[in-house]
1. Anything in the stretch 94-123 that is within 16 Å of the ligand (Cβ to nearest atom) and touching a helix residue (DSSP H, G or I) at 6+ places or on another chain (Cβ under 6 Å)? List them, or say none.
2. For the structure I just gave you, tell me whether THR146 is touching a residue at least 40 places away in the same chain (Cβ under 8 Å) and of a type outside the set (Phe, Trp, Tyr).
3. From the list ALA55, ALA45, which residue is touching a helix residue (DSSP H, G or I) at 6+ places or on another chain (Cβ under 8 Å) and without any contact (Cβ under 8 Å) to a residue 12 or more places away in the chain?
4. Could you list all residues from the stretch 160-189 that are of a type in the set (Gly, Ala, Ser), closer than 20 Å to SER76 by Cβ and in contact (Cβ under 8 Å) with a residue 12 or more places away in the chain?
5. I'd like to verify a number: residues in the stretch 271-284 that are more than 15 Å from SER232 (Cβ to Cβ) and either surrounded by 14 or more Cβ atoms within 10 Å (Cβ to Cβ) or of a type in the set (Ser, Thr, Tyr) (or both), how many?
6. Could you list all residues from the stretch 3-37 that are in contact with a Pro (Cβ under 6 Å, 6 or more places away or on another chain) and away from the ligand (no atom under 16 Å from the Cβ)?
7. Which one is nearest to ASP261 (Cα to Cα) among residues in the stretch 392-419 that are of a type outside the set (S, T, N, Q) and in a loop (DSSP other than H, G, I, E, B)?
8. Which of the residues spanning the stretch 187-214 are surrounded by 21 or more Cβ atoms within 10 Å (Cβ to Cβ), assigned to a helix (DSSP H, G or I) and either in contact with a His (Cβ under 8 Å, 6 or more places away or on another chain) or on the phi > 0 side of the Ramachandran plot (or both)?
Amino acid sequence: MTHATALLHPAFRVGEIDRRLFGSFVEHLGRAVYTGIYEPGHPAADEHGFRTDVADLTHELGVSVVRYPGGNFVSSYVWEDGVGPSRTPMLDLAWRTIEPNLVGTDEFLGWAERTGVEPMMAVNLGTRGVAEAAALVEYCNGQPGTRWADMRVANGRQEPYGVRLWCLGNEMDGPWQVGHRDADAYGILAGQAGQAMKLVDPSIELVACGSSGMGMPTFGVWEQTVLGHTWSLVDHISMHAYYEELDGDRASFLGSGTAMDRFVDRVVASADAVAARLRSDKRVTISFDEWNVWYMRRPRQGQEPGDHIRPAGPRLLEDVYSALDAVVVGDLLVTLLNHADRIAIGCLAQLVNVIAPIMTEPGGPSWRQPTFHPFATTARLARGEALDVRVEAPAFPTNDHGEVPAVTAAATWDDGAVALFLVNRSAEPATVELRHPGVALTLAGGIQVTADHEPAVPGPAHAAAVTERHVHTLATAPVVGHGDGTTTLELPPESWTALEGRGSV
Ligand code: AHR
């Protein structure tokens, strides 16, 4: 049995939770767009050709922001080919796929509006530059009367879309990125593009590319150099991180949240170092615009090979998730909440079919992967302020991240509505003595996910069976004891738990 304590009080706050923390991502990659969100002729398609079943699941997932159109895809994208009456197919260099350009800026922004999600657009700073980026902002946000805004009007959309969030390229530190640059070259270009984009629309928020991962050789120096060039213009610096269970190293995988935690601390330190150097009071926040479990190194079956140009909508990156993956995703959300003061935006990468919580079959059903549940629950319950929950827990050793705590927690407080998120990473049950001195706390039920040891099998039937066995609705909190200002909870091995409650001081 693992024993941990957690101290909770509404006076100990991390910060206000930005709803944009619960974003996702749709890239022109694999079947994210074609037969994902968009499939004309599908029985559930609306009059625009978008699948209403997928839009409904997006809504149920609680997604606030959706990033588009990439990802690596954006670095060779010609957005003008994806608007207007005649669409020219193009070769997407990132995924070596034919892009039919049937869905472009107007179709995506229309879908986002109808689905009730905020769009987050990315501009191509790989093969293109300042002029095309500024033109796209004008196309989306300009008042009629100038060239690109009038093109939008001619394409059927009078009102500006008012897109607020803009990414200055994607993963420009990565050698795989088409048109990748060193930090100085990217920083100068991003600064110039950002300046022009803000001259078109000063109300937009800009995201500069941070590192593609903490393991990048330029990590840290990259952030400081890029922010040095763009400091007065950008609002956010991006982070990307994917985690996977490698060679059966379950302990390291379960400790992924600690790796994410350290990554955030280091990016915050890098941004604040630039602030110190520039004697600036500005606080650049983080756009964690790609995070998830991704079995990058695991051979996949049924995937479209890459030795030829792929036809549109190939099966790519269709990871099938287990209940263990769902526990880790829940834990990664705990980390995001615990950094709510500095993470303004988060995007679970991606939304549908591509390393996604939602899957579809062409002409067939859509379904929830096990990872859908911790995300949907956290997005629903985490409101108001994130609290600074002080956890004391034993640590266990991992090969990849050193010692990691066996129990993690996050809590939120919204005018007395409490949500508590607890993870037991250890292979034995854990008791958590929750200390809440001076707070009358009632915990009701919630949702619990317990990890499995089963190989994940594609298809809706297996996903439903995993949910049945491993995702439990709790009618009451798993309380095993009460004391003076304490509530003791019991957590199953390798589990993620979310509880709702009320508190008063
Ligand atoms: O999300 C899949 C890919 O991962 C994105 O295109 C890229 O930005 C990242 O490397």
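1. ALA94, ALA122, VAL123
2. On the way: touching a residue at least 40 places away in the same chain (Cβ under 8 Å): no; of a type outside the set (Phe, Trp, Tyr): yes.
No; evaluated as a whole, the condition is false for this residue.
3. Numbers: ALA55 fails: without any contact (Cβ under 8 Å) to a residue 12 or more places away in the chain.
After applying the criteria, what remains is ALA45.
4. Within the stretch 160-189, the first condition is being of a type in the set (Gly, Ala, Ser), and the residues that meet it are 162, 169, 174, 179, 183, 185, 187.
With the extra rule that they be closer than 20 Å to SER76 by Cβ, the set shrinks to 169, 174, 179, 185.
Passing the criteria: GLY169, GLY174, GLY179.
5. 2
6. The one that is in contact with a Pro (Cβ under 6 Å, 6 or more places away or on another chain) and away from the ligand (no atom under 16 Å from the Cβ): THR35.
7. Residues of the stretch 392-419 of a type outside the set (S, T, N, Q): 392-397, 400-407, 409-411, 413-419.
If we keep only those that are in a loop (DSSP other than H, G, I, E, B) too, we end up with 393-394, 400-401, 406, 415-416.
Details: ALA393: 16, PRO394: 17, ASP400: 14, HIS401: 11, ALA406: 14, ASP415: 27, GLY416: 27 Å.
Among them, the one singled out is HIS401.
8. Those that are surrounded by 21 or more Cβ atoms within 10 Å (Cβ to Cβ), assigned to a helix (DSSP H, G or I) and either in contact with a His (Cβ under 8 Å, 6 or more places away or on another chain) or on the phi > 0 side of the Ramachandran plot (or both): GLY187, ALA190, GLY191.
The values are calculated or read from the model by the stated rules, or taken from the named source; none is laboratory data. Everything numeric in this text was worked out from a predicted model, so none of it was measured. Cβ: placed from backbone, ideal geometry, glycine included. Neighbour counts: every protein chain shown.
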